[in-house]
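The values are calculated or read from the model by the stated rules, or taken from the named source; none is laboratory data. All of these numbers come straight from a predicted model, not from anything done at the bench. With ideal geometry, Cβ positions are generated from the backbone for all residues, glycine too; neighbour counts draw on all protein chains shown.
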Amino acid sequence: MAGWLFVITLVLALVAVYKPFGDYLYRVVSGTRDNVVERGVYRLVGVDRNAAQTWGVYARSVLAFSAVSILFLYAFLRLQDKLWLSLGFDPLPGHLAWNTAVSFTTNTNWQAYSGESTMGHLVQMAGLAVQNFVSASVGIAVAVALVRGFAARKSATLGNFWVDLTRITLRVLLPVAVVFAVIFMAAGMVQNLSGGVDVTTLTGATQHITGGPVASQEVIKELGTNGGGFYNVNAAHPFENPATWTNWIQLFLILLIPFSLPRVFGRMVGQNRQGYAIAAVMAILAVASVALTIGLEVHGAGTVPQAVGAAMEGKETRFGIPNSAAYAAITTLTSTGSVNSFHDSYTALGGMMPMINMMLGEVAPGGVGAGLYGLLILAVITVFVAGLMVGRTPEYLGKKIGAREMKIASSYFLITPALVLIGTAAAFATGNNATALNVGPHGLSEVLYAFTSASNNNGSAFAGITVNTPWWDTALGLAMLLGRFLPIVLVLALAGSLARQKVTPESEGTLPTHQPLFVGMVVGVTVVLVALTFLPALALGPIAEGLS
Amino acid sequence: MTTPTLEKPTTPSPVRAGTLDPHQLRHSLPQALAKLDPRTLWRNPVMLIVEVGAVFTTVLAVTDPSVFAWIITVWLWLTVLFANLAEAVAEGRGKAQAATLRQAKQDMTAYLRDGREIPATQLKLGDVVVVEAGQIIPGDGDVIEGIASVDESAITGESAPVIRESGGDRSAVTGGTRVLSDRIVVRITQKPGESFVDRMIALVEGANRQKTPNEIALNILLAALTIIFLLSVVTLQPLAIFSKAFQAAAPDTVALDANGVTGIVLVSLIVCLIPTTIGALLSAIGIAGMDRLVQRNVLAMSGRAVEAAGDVNTLLLDKTGTITLGNRQAAEFVPVDGVTAATLAEAAQLSSLADETPEGRSVVVLAKNDFGLRESEPGLMPNVTFVPFTAQTRMSGVDLPGRQIRKGAASAVMKWVRQNGGHPTEEAGEIVDTVSGTGGTPLVVAEQLDGQPARALGVIHLKDVVKAGMRERFDEMRRMGIRTVMITGDNPRTAKAIADEAGVDDFLAEATPEDKLAYIRREQEGGRLVAMTGDGTNDAPALAQADVGVAMNTGTSAAKEAGNMVDLDSDPTKLIEIVEIGKQLLITRGALTTFSITNDIAKYFAIIPAMFAAVYPGLDTLNVMRLHSPGSAILSAVIFNALVIVALIPLALRGVRYTPAGASSLLRRNLLIYGLGGVIAPFLGIKLIDLLVQFIPGI
């Protein structure tokens, strides 16, 4: 009961902020007045804030910025022992530094390391946390650029990446992060620069109590749907997630931006109902997934859960099953990937839910920005099939979906499944699945989960698999890199192609894209396409395990 | 401008369906076999993959023969063959028509004006030829001298001869048609080998058929789906090997052994999952769409135009002949000053007896219909003098013994009344104003009896008669989201009255060719697609500018060049049908794509347990259809996949049923039939086939 209350209050809170926060985001990305700090930033980096970029320039800006980020972070990690606050930790080996640098720049936050025993405070703050902010801003900026493509009429440009990046970081992410970091500190999260203290426990043993800038990193980890924890056990650690109500706030922060972006979409294209439709698709998928995950875990089949009365293995007693399952679903529905329980220990079918959530393409509601653009691509594909069925060249918001648009949308849609499937097959073909803890279907799930998480830029781990080997670090690094930037380039290309078009006025013959029928169809297309793509692989993993 | 349109049924009717003759299947078989050539098939990537798969399984079946392997192999080949058959049947229907057309142009001789005789194939642009009664016109051109009746049935199928004369909008003649009477001189306007008939033959044969924009976009989606499924199946192999190794004690099946999923089953799975249904039927749908137009005597110069027709937002329709009957007709007799309507009708009829204009005839007919007045033969009446209409008097009439009747424009007749001692009352003037106000034309009738002053009897209300059913048709258009715009040379007031009566959305009054062009440009600026019909040379720029320009076959060569469709029946109303055919074409593609994709769900439920239930017995839970054995399940899925292509050929040729409606209801209906139907149908189909194939020994 408390579990359902937890979910229901979450939904109500998101509904309440949809308009005001969405409108605020809208004003941020479409405003033209700069404040002093922003003007300073533009002058510093030499950006003409009024220079609108074509899609190509916008894409190159994104790529250049991200490339520099990866190089910087890589160097940072390799040199951490030479810098302050390293807490005496060694520099990271090359493959792990590469994996981590890519992971944080791509908003994935896959962690092939254990935070408290690998990273010094400076790297955490100035390296990882910085990427938590800017990689989130990059995602939102790209989504906004796509929406501008829909809203534009015969325009060659999509706005300015540097302005979007600056404004989103300074006006949205930073202020919200500061407010909630203070709340988290009040809740008991750690926030200091201490290297930790050694205490003697009641039993006489010595225990190391860590310190560090946890609250500040925790808040952007959730708000930016990053997911990279300060500690190895992530949000299951009491210093990262002290109580049920901080658990609630964390989920609220995860969902805040992804669920408000459809409002920005609606406002920018001048039809709020289009925003509601997209939000509805996200909500239907999300609510169904959360309910299923909770249901499967609460009534979990399996010998042990039935013997002890609940599937509590791998879950915190502080949170209990519903809050854990809800967290698992939401962290994978968005591209967050932080965890407060261990998905590997879930019942077979319950553990399949996070996987399916990611396989949906992280669209319900998905990562900040990435969720919106991912879902809009699915909407474009739906519009194409549905548009043909009403006897017209398909159009979405007055923009024709022709060969070029379909080429881009189809390629986008191909990328992540290809990465997941090829990666998983490669792991088995090369024997690298051997680092998985388990054999049989569960071992298969562990490998499949790893590639699903990396390619979809989620970053959560099924656990139960050792991934800090050169092969895994390299392969997953590639999956993250390609899974992030190929889609981004395609999204921007689509935006450019849409922006150039004129707008066909709506008529009775136009497919309405704001009605329940269309919402249902997008949900159907999303689910069916995913089911068709991944069912064979899932059949040999969680389904085989769950039905045995 | 157009003659044969008066009696055309214009009541709302959905696009009629074409039919599939079983004989066609047999006749098309050789072509279907020829299309197995990979060089032909590579244009259809989905089916090419099926063929490659079929070759692969053939090799496997030869090296390691089994009943299962051979049956699968045969059905995979049949899948490709069925796809080719669909295309061949669609093409075959055009071929017959092309053969007839070819006959029309065989062995024609051209008689040049300078006396030389050359074969028609050597005619050059600008040559001038003489054609006499009984001869066949050797090439497309314009009549520059003379008038003749021409039998155009070779092209239009219409047996009634048409008149072709020099000058004006009826000067164009088509090569291959026969002059029935008289003699005409024709200047050739075609280049050798590019005549109208040549183009028609190429079109109906689909010789250089190019993919239309939507078809290309759909092909991209299908290619992407194919790649996804290929990946999904190919990457399954290492996972299958791993699983089998884990459960090494599990027995080998036809589907799975220690080397993973067997080649035959892997290919079967790929073929079942990739969108073969739509891939097989896609080109047949396109060809059949063009063919449906040809059956309605419309030639589309490109598939792109047919598709654009489905997208049209604005229809420009000429008033005369399209919305209204060709001419104004008497609609009502309005008497004045106590005169009875019957008296007025009788006088009006008498005055119109010698008037052979359509307006005059309509007065006679109205009097007969409304008042039972039989028309008397002018020749049988003694002492009668008919006064013909002249531009000076602007009235006509009849002089009987002791009685003179005049009929004509209000001002002219009133003047005549006054000159003959009469004093027209206010009433007549008021009625005249009312009739003009509603867009009608008033004709005043007056009489003078010997020794009495002349008096006005009343007014004949002539009006444009809107064709029956047009209002419903336009309402339908509106529901489809199409604006209809009436083009007329009338003044705005008259135009508005007719526009209101017909129920069009807008009108363009006192329209010049430049106005039309400007209107089209304005609509296109706003992102709308415009369709129009036209026949005159001055329509050519607008026809060229419009997204869909339908030229009338009776029109000038310039108009036919400019448009992207030619209507051989010269029926401007047909534009509406063309729009419906365009929509139907797109809907058929969308519906079968949906069907094709949703089919996959059931196939998974057949094949996944068949492949892996031996390793993980729990997966047999997914075998919801309770299929007999792994072999029978896979076989049933493959057979269903092939048979569904054959089953859908008639639908592909005919197009899905289209009833004009708004987008929402169309989507709801098609989603229900082809989406939900696509989910359910294969569950039933595969189960049924399984019930049969389980009796095959070795399955």
- Query: What is the residue count in region B:219-264 for residues that are in a helix (DSSP H, G or I) and either over 30 Å from B:N44 (Cα atoms) or away from chain A (no Cβ under 12 Å) (or both)?
  - Reply: 10
- Query: Pick from A:A450, A:A531, A:A463, A:A475: which is more than 8 Å from chain B (Cβ to nearest Cβ), surrounded by fewer than 20 Cβ atoms within 10 Å (Cβ to Cβ), small (G, A, S) and under 22 Å from B:P238 (Cα atoms)?
  - Reply: A:A463
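Does B:S283 satisfy the condition of being more than 13 Å from chain A (Cβ to nearest Cβ) and farther than 17 Å from A:G440 by Cα? Can you show your working first?
Working: more than 13 Å from chain A (Cβ to nearest Cβ): yes; farther than 17 Å from A:G440 by Cα: yes.
So B:S283 fits the description; yes.
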- region A:483-507 - residue that is at pLDDT 95 or above and basic (K, R) and, of those, farthest from A:L372 (Cα to Cα): A:R500
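On the given criteria, is A:P487 farther than 29 Å from A:A136 by Cα, more than 8 Å from chain B (Cβ to nearest Cβ) and touching a residue at least 12 places away in the same chain (Cβ under 8 Å)? I'd like the intermediate steps shown before the answer.
Numbers: farther than 29 Å from A:A136 by Cα: no; more than 8 Å from chain B (Cβ to nearest Cβ): yes; touching a residue at least 12 places away in the same chain (Cβ under 8 Å): yes.
Judged against the criteria, A:P487 is not a match.
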- Of (1) touching a Ser or Thr at 6+ places or on another chain (Cβ under 8 Å); (2) in contact (Cβ under 8 Å) with a residue 24 or more places away in the chain, A:R171 satisfies all except one. Which? (1)
- Message: What are the pairs with Cβ atoms under 7 angstrom where one residue, in region A:149-168, is farther than 15 Å from A:L63 by Cα and the other, located anywhere, is surrounded by fewer than 24 Cβ atoms within 10 Å (Cβ to Cβ) and of a type in the set (D, E)? Sequence gap at least six, or different chains.
- Response: A:T166/A:E38; A:R167/A:E38
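What number of residues in region B:589-625 are more than 19 Å from B:I680 (Cα to Cα) and either of a type in the set (F, W, Y) or facing chain A (nearest Cβ under 10 Å) (or both)?
Count: 10.
Of the residues B:E447, B:E427, which single one is touching a residue at least 60 places away in the same chain (Cβ under 8 Å) and part of a helix (DSSP H, G or I)?
After applying the criteria, what remains is B:E427.
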- Task: Go over the candidates A:L44, A:L63, A:L96 one by one and state the one that is crowded, with 21+ Cβ neighbours inside 10 Å and part of a helix (DSSP H, G or I).
- Result: A:L96
- Message: Cβ contacts < 9 Å: first residue without any contact (Cβ under 8 Å) to a residue 60 or more places away in the chain and within 13 Å of another protein chain (Cβ to nearest Cβ), restricted to region B:516-531; second residue of a type in the set (D, E, K, R) and in a helix (DSSP H, G or I), any location; separation 6+ or different chain. Result?
- Response: none
- Message: I'd like the residue in region B:271-323 that is β-branched (V, I, T) and farther than 19 Å from B:N84 by Cβ and, out of all such residues, is surrounded by the fewest Cβ atoms within 10 Å (Cβ to Cβ).
- Response: B:V294
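Only one of B:T488, B:T434, B:T484, B:T494 is polar (S, T, N, Q) and modelled with pLDDT of 90 or more. Can you tell me which?
Numbers: B:T488 fails: modelled with pLDDT of 90 or more; B:T434 fails: modelled with pLDDT of 90 or more; B:T494 fails: modelled with pLDDT of 90 or more.
That would be B:T484, the only listed residue that is polar (S, T, N, Q) and modelled with pLDDT of 90 or more.
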- Message: Give me the residue from region A:500-517 that is surrounded by fewer than 24 Cβ atoms within 10 Å (Cβ to Cβ) and either of a type in the set (G, A, S) or part of a helix (DSSP H, G or I) (or both) and, out of that set, farthest from the other protein chains (Cβ to nearest Cβ).
- Response: A:R500
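So is A:G295 closer than 19 Å to A:A143 by Cβ and of a type outside the set (A, V, I, L, M) or not? Let's see the steps before the verdict.
Values: closer than 19 Å to A:A143 by Cβ: no; of a type outside the set (A, V, I, L, M): yes.
Here the answer is no, as A:G295 does not meet what is asked.
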- Picked from region B:467-514 (must be surrounded by 18 or more Cβ atoms within 10 Å (Cβ to Cβ) and β-branched (V, I, T)), the residue farthest from B:M532 (Cα to Cα) is B:T494
- Yes/no for A:T416 being hydroxyl-bearing (S, T, Y), surrounded by fewer than 24 Cβ atoms within 10 Å (Cβ to Cβ) and either away from chain B (no Cβ under 14 Å) or closer than 30 Å to B:I216 by Cβ (or both): no
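Over 25 Å from B:A342 (Cα atoms) and surrounded by fewer than 23 Cβ atoms within 10 Å (Cβ to Cβ) - does that describe any residue in region B:448-463? Outline the logic, then answer.
Within region B:448-463, the first condition is being over 25 Å from B:A342 (Cα atoms), and the residues that meet it are none.
No; the residues of region B:448-463 include none that is over 25 Å from B:A342 (Cα atoms) and surrounded by fewer than 23 Cβ atoms within 10 Å (Cβ to Cβ).
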- Go through region A:375-413 and give me each residue that's within 10 Å of chain B (Cβ to nearest Cβ), in a helix (DSSP H, G or I) and under 16 Å from A:V503 (Cβ atoms). A:G387, A:E405
- Query: For A:A325, are the conditions met, namely being modelled with pLDDT under 85 and crowded, with 21+ Cβ neighbours inside 10 Å?
  - Reply: no
- Item | Any hit, region A:229-241, residues being touching a residue at least 12 places away in the same chain (Cβ under 8 Å), buried (at least 24 other Cβ atoms within 10 Å of the Cβ), over 20 Å from A:S453 (Cα atoms) and out of contact with any strand residue (DSSP E or B) (no Cβ under 8 Å at 6 or more places or on another chain) | yes
- Within region B:321-330, identify whether any single residue is without any contact (Cβ under 8 Å) to a residue 60 or more places away in the chain and more than 13 Å from the chain's Cα centre (by Cα), and answer yes or no. yes
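Being modelled with pLDDT of 95 or more and surrounded by 22 or more Cβ atoms within 10 Å (Cβ to Cβ) narrows it down to one of A:G361, A:G371, A:G350, A:G391, so name that one.
Working: A:G361 fails: modelled with pLDDT of 95 or more; A:G350 fails: modelled with pLDDT of 95 or more; A:G391 fails: modelled with pLDDT of 95 or more.
Sole residue among the options that is modelled with pLDDT of 95 or more and surrounded by 22 or more Cβ atoms within 10 Å (Cβ to Cβ): A:G371.
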- Task: Being surrounded by fewer than 19 Cβ atoms within 10 Å (Cβ to Cβ), of a type outside the set (K, R) and without any contact (Cβ under 8 Å) to a residue 40 or more places away in the chain is the filter; apply it to region B:625-668 and report the residue that is nearest to A:A386 (Cα to Cα).
- Result: B:S664
- Item | Candidate set from region B:680-698 (those that are at pLDDT 95 or above and surrounded by fewer than 17 Cβ atoms within 10 Å (Cβ to Cβ)); member that is nearest to the other protein chains (Cβ to nearest Cβ) | B:I680
- Item | Candidate set: region A:434-447, residues that are assigned to a helix (DSSP H, G or I), under 15 Å from B:I241 (Cα atoms) and over 25 Å from the mean Cα position of the chain (by Cα); chosen: the one farthest from the other protein chains (Cβ to nearest Cβ) | A:A434
